[in-house]
1. Please go through the range 1-41 and give me each residue that is without any contact (Cβ under 8 Å) to a residue 40 or more places away in the chain, of a type in the set (D, E, K, R) and under 26 Å from residue 81 (Cα atoms), ordered by number.
2. In the range 48-98, which residues are of a type outside the set (S, T, N, Q), loosely packed, with under 15 Cβ neighbours inside 10 Å and either at pLDDT below 90 or on the phi > 0 side of the Ramachandran plot (or both)?
3. Which residues, counting only those in the range 65-94, are closer than 17 Å to residue 36 by Cβ and over 11 Å from the mean Cα position of the chain (by Cα)?
4. Quick check: is even one residue across the range 2-25 closer than 20 Å to residue 89 by Cα, among the aliphatic types (A, V, I, L, M) and modelled with pLDDT of 90 or more?
5. If you scan the range 66-103, which residues turn out to be farther than 18 Å from residue 50 by Cβ, touching a helix residue (DSSP H, G or I) at 6+ places or on another chain (Cβ under 6 Å) and assigned to a helix (DSSP H, G or I)?
Amino acid sequence: AAAGFGVDLDDHRSQRFVEKMYGEFDIIIAMETGQYKALANGSPTSHAKLFLLPFFENKSAPAGGYERYNVTDPYGKSLEEYNRCFQRIERCIAGMAEMIKAL
């Protein structure tokens, strides 16, 4: 699915976020509220650099509920679900870029 969006994930491997990483990054973005909470609890002093990706989504974002605050992992689901997830991530990243440009 990623290749259809021009993204090469061949060398990508997920990894556990460990304490030393808080100091290595200027911005930390979680895709789900559970991830956000775990990251926030892992380093209370890093809240200023911690963001929830769905908050950057534009006006076409889901109105409420779980989907509003979480980018659902499509793992094990259909290609259509993967495509839907990539499209949502693209919208969120575009919203983030707009916000950064406005600074």
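1. 8, 10, 11, 13, 16, 37
2. Answer for the range 48-98, where residues must be of a type outside the set (S, T, N, Q), loosely packed, with under 15 Cβ neighbours inside 10 Å and either at pLDDT below 90 or on the phi > 0 side of the Ramachandran plot (or both): 59, 62, 63, 64, 65, 66, 67, 68, 76.
3. Within the range 65-94, 65, 66, 67, 68 meet the criteria.
4. Among the residues of the range 2-25, not one is closer than 20 Å to residue 89 by Cα, among the aliphatic types (A, V, I, L, M) and modelled with pLDDT of 90 or more, which makes the answer no.
5. Matches in the range 66-103: 86 only.
The values are calculated or read from the model by the stated rules, or taken from the named source; none is laboratory data. Keep in mind the model is a prediction, meaning the values are calculated, not measured. So basically every Cβ, Gly included, is an ideal-geometry build from the backbone, and we count neighbours across all protein chains shown.
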